[in-house]
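Here is the structure we will look at, set down as structure tokens.
All of the numbers you see were taken from the coordinates with simple rules; none came from a lab. Predicted model, so just to flag it, every value in this text is computed and none were measured. Every residue, glycine among them, receives a Cβ derived from its backbone with ideal geometry; neighbour counts consider all protein chains shown.
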Amino acid sequence: MSKLEEKAIKLLLKYEERGLLQSELWHKLGVTSREGSRIAIKLEKKGIVKRVKEFARDRWTRRLVPLIRQVTLEPIKGSPCPSCIYNNVCGRQGTVSPNTCVWIEEWLVSSSSSSRSIEKN
Ligand code: SF4
């Protein structure tokens, strides 16, 4: 993936919900429309954006809507799994199952109760 594609993705992720008009993205990237179109087509082929036809500013153009989302590790913060001694053997194919793990159960219960107390405040 080129540096410009990476930069385009970072910009598009700031507009996750509505996406950006192609021309807005080219402007922000500082590239020509021809160069920008090439980037958009590449990103579409990779399944990173969808190009939606839209009438804007008196002409037909394309809106680039990201198909990917930013991932945050916040929901699993404090989980016992990353530091667990059974981490490499735990899972569907493993010898240990998270379905019977007391540590993950305790963490889920405590996470759930602490998020409920945050909601009350
Ligand atoms: S689910 Fe339990 S046993 Fe499995 S990695 Fe997490 S803490 Fe360890």
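Results, tabulated for the structure shown:
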quantity: Cα Rg, Dmax (largest Cα-Cα span) when computed across the chain, Å; calculated: 21.6, 62
quantity: As computed over the range 74-120, the Cα convex hull volume per residue (Å³); calculated: 78
quantity: Calculated [θ] (222 nm, deg cm²/dmol) that DSSP helices of n ≥ 4 give over the chain, each run adding -39,500 (n - 2.57); calculated: -13500 deg cm²/dmol
quantity: Neighbourhood net charge (15 Å Cβ-Cβ; Lys/Arg +1, Asp/Glu -1) for residue 14; calculated: +2
quantity: Charge dipole magnitude, Cβ of K and R +1, D and E -1 - the chain, Cα centre, debye nearest 20; calculated: 820
quantity: Where labels lie 7 Å past Cα in the beta-carbon direction, separation of residue 100 and residue 56 in nm; calculated: 5.5
quantity: In Hz, Karplus ³J(HN,Hα) per residue of the range 24-35 (6.51, -1.76, 1.60; θ = phi - 60°; x = Gly, Pro); calculated: 5, 5, 4, 4, 5, 7, x, 10, 6, 5, 4, 5
quantity: Cα-based helix-to-principal-axis angle, 3-13 vs the chain, degrees rounded to 10; calculated: 70
quantity: Cβ-placed point charges (K, R +1; D, E -1), dipole of the range 3-66 about Cα centre in debye, nearest 20; calculated: 160
quantity: Calculated Rg and Dmax of the range 3-66 using C-alpha coordinates, Å; calculated: 10.5, 32
quantity: The range 35-121: relative contact order in percent, alpha carbon pairs under 8 Å with at least 6 residues between; calculated: 15
quantity: Inter-probe distance in nm under a simple model that places probes 7 Å from Cα toward Cβ, at residue 3 and residue 15; calculated: 2.3
quantity: Residue (of 87, 61, 43) at the positive-pole extreme of the chain, dipole from beta-carbon charges; calculated: 61
quantity: Phi to ³J(HN,Hα) by Karplus 6.51 cos²θ - 1.76 cosθ + 1.60 over the range 101-106, Hz, x for Gly, Pro; calculated: 7, 6, 5, 5, 5, 4
quantity: Length released on extending from residue 45 to residue 72, taking residue separation times 0.36 nm less the Cα-Cα span; calculated: 7.2 nm
